[in-house]
Amino acid sequence: MKALARIKDKVVEMRTCHEVGRFLQIYLDGELDQSRIATVAGHLEHCRRCGMEADAYERIKASLARIAQQGLVHPEDELSIERLRRFADTLQA
Amino acid sequence: MEHATAPDERRRRQAFDRYVVPELGVLLHVARTMTPTDQDAEDLVQDTLLRAYQGIVAFDGAHPRAWLFTIMRNTQVNRTRRKRPELLDDAADAETVVQEDGGLSPEAAAEAHVFDEAVADAVHQLPVRMAQVIELVDIDGLTCGEAAEALEIPVGTVMSRLHRARRKIRDRLRREGFAPRGGML
């Protein structure tokens, strides 16, 4: 009976992982509807695998934010934006 | 004696500074999704700025990005009509070059620098349509709704491209060793 209960728990856990996986990015973007937030947050607290998955996305998002600040994807943007700023100034002159 | 239109002109400049100038970077990135080269994108932004400047007096201040994207789209339609160039094509991949990092403690900065290089490279390797949404939403900070407006696609499509793009970035980083099994990514 105990073994059966453990298997049942495992199946429930896997279902929850799958479910959380579907909504994880929406949750991390802060756009998950209220009714699901507690389920996802609660699961992330005790599931190491899903917790690591969430950490991975958080790190990537943080990195993309740094990239945005430093212009890493398009370093040439700074020159283009400066040219556009000068053009905008001429419109207002 | 002050010219009769001076107050209008002042309002125009103030509104332009408030609603348009802060969006130059976003406009450039959106323009890149509509044009084949970076030079075309810059030209498109210039034409958009000109039209925005002319029309800003009538703009009510609500949803400036949506207003600017509409101007940009219309401008691009007119430009395409004028030029009659080759038929529609995806914008070429932009080159990715990585520069130095800063701001954190030396150790953390070094680690972040290597990681950011890998992420920037992963963004560069994405299919064009996925890279577009990553740049607009995760880098430029547009909402999914704003990106949908800019790209003229449904919000659901933006979200699904965004999620797939992040998954691809994560998978690539793992393959490159940023994700040792059981490690930090």
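Is there any pair linking a residue in the range A:32-47 that is exposed (fewer than 13 other Cβ atoms within 10 Å of the Cβ) to one that is of a type outside the set (D, E, K, R), with Cβ under 7 Å and at least six apart or on different chains, and which?
The qualifying pairs do not exist here.
Checking B:Asn78 against (1) away from every other protein chain (no Cβ under 14 Å); (2) at pLDDT below 60, which test does it fail?
(2)
Look at A:Arg86 and say whether it is of a type in the set (Lys, Arg), assigned to a helix (DSSP H, G or I), buried (at least 18 other Cβ atoms within 10 Å of the Cβ) and out of contact with any strand residue (DSSP E or B) (no Cβ under 8 Å at 6 or more places or on another chain).
Values: of a type in the set (Lys, Arg): yes; assigned to a helix (DSSP H, G or I): yes; buried (at least 18 other Cβ atoms within 10 Å of the Cβ): no; out of contact with any strand residue (DSSP E or B) (no Cβ under 8 Å at 6 or more places or on another chain): yes.
It is false that A:Arg86 is of a type in the set (Lys, Arg), assigned to a helix (DSSP H, G or I), buried (at least 18 other Cβ atoms within 10 Å of the Cβ) and out of contact with any strand residue (DSSP E or B) (no Cβ under 8 Å at 6 or more places or on another chain).
Only one residue in B:Ala41, B:Ala62 is among the small types (Gly, Ala, Ser) and part of a helix (DSSP H, G or I). Which one?
Values: B:Ala62 fails: part of a helix (DSSP H, G or I).
After ruling out the rest, the residue left standing is B:Ala41.
What number of residues within the range B:22-39 satisfy the criterion of being surrounded by 19 or more Cβ atoms within 10 Å (Cβ to Cβ) and free of Cβ contacts under 8 Å to residues at least 60 places away in the same chain?
Residues of the range B:22-39 that are surrounded by 19 or more Cβ atoms within 10 Å (Cβ to Cβ), as a first pass: B:23-35, B:38.
Remaining after also requiring free of Cβ contacts under 8 Å to residues at least 60 places away in the same chain: B:23-24, B:27-28, B:31, B:34-35, B:38.
Of the residues in the range B:22-39, 8 are surrounded by 19 or more Cβ atoms within 10 Å (Cβ to Cβ) and free of Cβ contacts under 8 Å to residues at least 60 places away in the same chain.
Residue by residue, here is whether (1) within 9 Å of another protein chain (Cβ to nearest Cβ); (2) acidic (Asp, Glu) holds:
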site: A:Ile26; (1), (2): yes, no
site: A:Thr39; (1), (2): no, no
site: A:Glu45; (1), (2): no, yes
site: A:Tyr57; (1), (2): yes, no
site: A:Ser63; (1), (2): yes, no
site: A:Arg66; (1), (2): yes, no
site: A:Gln69; (1), (2): yes, no
site: A:Ser80; (1), (2): yes, no
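The values are calculated or read from the model by the stated rules, or taken from the named source; none is laboratory data. Note that the coordinates shown come from a computational prediction; the quantities given were computed from them, not determined experimentally. No Cβ is skipped: glycine too gets one built from the backbone with ideal geometry, and neighbour counts run over all protein chains shown.
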